[in-house]
Amino acid sequence: MWSAAWELLVPADAAPPRGRGRALQSALREAVRSGRLAAGTRLPPSRELAADLGVSRGLVTEAYEQLSAEGYLRSGRGAGTWVGDAVRSGIRPAHDLAPRAPGTTADFRPGTPDLSLFPRTAWAAAHKAALTRLEHHALGYPDPRGLPELRTALAALLTRRRGAAADPEALVICSGVAQALSLLGFALCERGHRAIGVEDPGSPEHGGLFAATGLRAVGLPLDRHGLAPGPLRDSGVRAVVMTPGHQFPTGLACSPDRRAELLHWARAVDGLIVEDDYDGDFRYDRAPVGALQGLDPERVAYTGSVSKSLAPGLRLGWLLAPRRLAEAVVRRKRTMDLGHPVLDQALLADFVVRGEYDRQLRRCQRAYRERRDTLTAALAEHFPGTEVSGIAAGLHLIARLPERYGPEPRFLEHAAAAGIAVRPLSGFRTAVREPAERTPDAAAVRLVLGYAHLTPADIERGVRLLADAVTGDA
């Protein structure tokens, strides 16, 4: 039995003299974990194993004792040493559960930037600079609000680019907007809130996210000026999440009068507006709309992230919290994760201060404007009569196809059969409505088409294939 098992420990003999003990322990540990040494296997006496490996008996004895203490081995006086049965052997490979659409011919689903535009060279330089200048004590548990240098850099950036009233002391660094919303949800629950308004249509993630904090999400309709104030007042909620600069997914920009009306509501009910500025840096055909938070920092909490400007996998975001909620938010952040990773924060601070973040935004804006124009032209060519909206900003548009391409279920069925991933506007509904509430043109095909992650050539090809699939010309 042991003739083959000895081979498992040969690397320990080849290790440098000062490292043979650790190498032997590692080899034995891995042999047990992998199942090559099964539970109940008797190990040779330390003297014999030492002689076979050409190492000292003390080294083998120490390895046996260490692994016995860890639970990998068991031994008894006069009974020898055996492989224990506590470890589950045969580790299976991990599976990647990241959301992807394998096997698609074209993927027009919104929400993803072009990850090939990630500035790897500049990011690597910022990483090196951050490692060089960080003092040893900075690698300890951080301020749960975030590194002061990053909060200072982001406050200046948000003031300059988004017109926010950005006090560094009110900024909290988060794992993206999702954590920012969770922090606010917990803080609102502590203050007696039981429900929170969300836009309808809007992000389908809000319901589950707020439910985890103890809040019930209430879908609130829109009109052509933004979030409708009447249903908001009638709902009884005192907090609402909205995307006033570029509503997701419709692309509406909240009008000045509506902004004032919503702020008046928040003041009247002692409420809170949560502003999700998910794509505030991407404006193409008009001047950027400033953050709503800049008009009343005590009634508007502001959230943002680098998910669209850099990459969602970085999990870097921020929250500007009103003073009355700041303490509860920071307390919850501390208990959730003891603060965001220090090196990531220092890296982003360096990236912003050196002007690399602004440079990245300009690069992305040029690319995304071209892709938006390519998509609108392709729709005009292959789906004549299509109306597009929400094109002044963001990373997606709304396409309302002529009735001849409907009904929507059949359209979506043909697209899926051709391997083309699209999402209808109806898929972003956040409230359940009765059939009687359907609008007269409810059967029309309205698509939310993302374009940022696709090259111009991919966009043209995808739209052509979609047209072939739904018209039967393929």
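Coordinate-derived values only; no laboratory data. Small disclaimer: the values here were computed from a predicted structure and weren't measured. Quick reminder, even Gly has a Cβ in these numbers, built from the backbone with ideal geometry, and neighbours come from all protein chains shown.
Miscellaneous remarks
- Potential lengthening of the chain between residue 69 and residue 268 amounts to 65.2 nm, from the contour at 0.36 nm per residue minus the alpha-carbon distance.
- Label zone (residue 225, point 7 Å along Cα-to-C-beta; backbone nitrogen cut-off 16 Å) within region 253-278: 253-266.
- R0 of 35 Å, Cβ-Cβ distance residue 138-residue 366: FRET efficiency to nearest 0.05: 0.45
- Å³ per residue enclosed by the Cα convex hull of region 245-382: 148 Å³
- The amide H of residue 43, built 1.01 Å from its N in the peptide plane, has 81, 82, 83 as neighbours under 5 Å, considering only residues 5 or more places off or on other chains.
- The phi torsions of region 280-297, fed into the Karplus equation with coefficients 6.51, -1.76 and 1.60 and a -60° offset, translate into couplings of x, 8, 10, 10, 10, 10, 7, 5, x, 7, x, 5, 4, 4, x, 7, 7, x Hz, rounded to whole numbers, with Gly and Pro shown as x.
- Mean Cβ count within 10 Å, highest first, over the residues of peptides 445-455, 148-158: 445-455, 148-158
- Efficiency of FRET from Cβ geometry, residue 403 and residue 457, R₀ 41 Å, rounded to 0.05: 0.85
- Region 81-194: proportion of alpha-carbon pairs further apart than 21 angstrom, %: 69 percent
- Charging the Cβ of each Asp and Glu at -1 and of each Lys and Arg at +1, and nothing else, the dipole of region 172-283 about its Cα centre rounds to 300 debye.
- Estimated D of the chain in µm² per second, where Rh is the Kirkwood radius over Cα pairs and Stokes-Einstein applies at 37 °C, 0.692 mPa s: 126 µm²/s
- Label point 7 Å beyond Cα of residue 285 along Cβ direction - residues of region 349-385 with amide nitrogen under 19 Å: 365-385
- Against the rule of thumb 2.2 N^0.38 Å, how large the Cα Rg of region 159-243 comes out: 1.17
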